[in-house]
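Encoded as structure tokens, the structure appears first; notes follow it.
FYI, it's all coordinate maths here, none of it is from the lab. These figures come from a predicted structure and were not determined experimentally. With ideal geometry, Cβ positions are generated from the backbone for all residues, glycine too; neighbour counts draw on all protein chains shown.
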Amino acid sequence: MENRGLGLILHSGSYDRLYHGFSICLAALSLGREVKILFTYWALNYLKRDKPRSFYEEDLGQEQKEVLEKNINKGHFVEFRELVQQIKALGGKIYVCTHSMGLLNIARNELIDEVDKSVGLTTWLTETKEYQFVFI
């Protein structure tokens, strides 16, 4: 059985989708697969330096916010920045979509240091042409 890499495209800014995407990446990395994550559109906001929160309140209903805050405070969920560090420690690569950055007026220097590359879709597809894809 071949050990193809995993290309994950994160589009949504919803915390639950990002969290599950990162769970998939961590599982793939622990199985020895290469992982490259492309952040686009609303997912990019989680990579901004000035956004230390685990999730954005405007994306969630009150009940969801309370459940997440309670469980993060109890240590049941890992903070998003810690997930990024885990991905990087296991060799995962984090890319950002240059087109989405332009649309959202996000400059490269506004993003956290863990971002490996800013790329367009053609470069992303070229670098991951043999990978299995997941779009969240």
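Brief remarks on what is shown
- Over 22 Å between alpha carbons, listed pairs LYS74/LYS117; LYS48/LYS88; LYS36/LYS70; LYS48/LYS70; LYS36/LYS74; LYS48/LYS93: LYS74/LYS117; LYS36/LYS70; LYS48/LYS70; LYS36/LYS74
- Tail beyond 14 Å, pair distance distribution of the stretch 59-117 (Cα, percent): 68 percent
- This ranking places THR123, THR98 by how few other beta-carbon atoms lie within 10 Å of each, fewest first, which gives THR123, THR98.
- Debye-sum result for the stretch 1-45 in log10 I(q)/I(0), which assumes one identical scatterer on each alpha carbon, at q = 0.32 Å⁻¹: -1.11
- Burial ordering of LYS117, LYS74, fewest other beta-carbon atoms within 10 Å first: LYS74, LYS117
- Average projected area [Cα convex hull, the stretch 10-128], square nanometres: 7.3 nm²
- Phi-based couplings in Hz for the stretch 7-22 (Karplus 6.51, -1.76, 1.60; Gly and Pro marked x): x, 10, 10, 9, 10, 7, x, 6, 4, 5, 5, 5, 4, 5, x, 5
- Counting only DSSP beta bridges with both residues in the stretch 10-128, the antiparallel share comes to about 10 percent.
- Modelled label reach - ALA89, point 7 Å along Cα→Cβ, the stretch 27-41 residues with backbone N closer than 20 Å: 27-37
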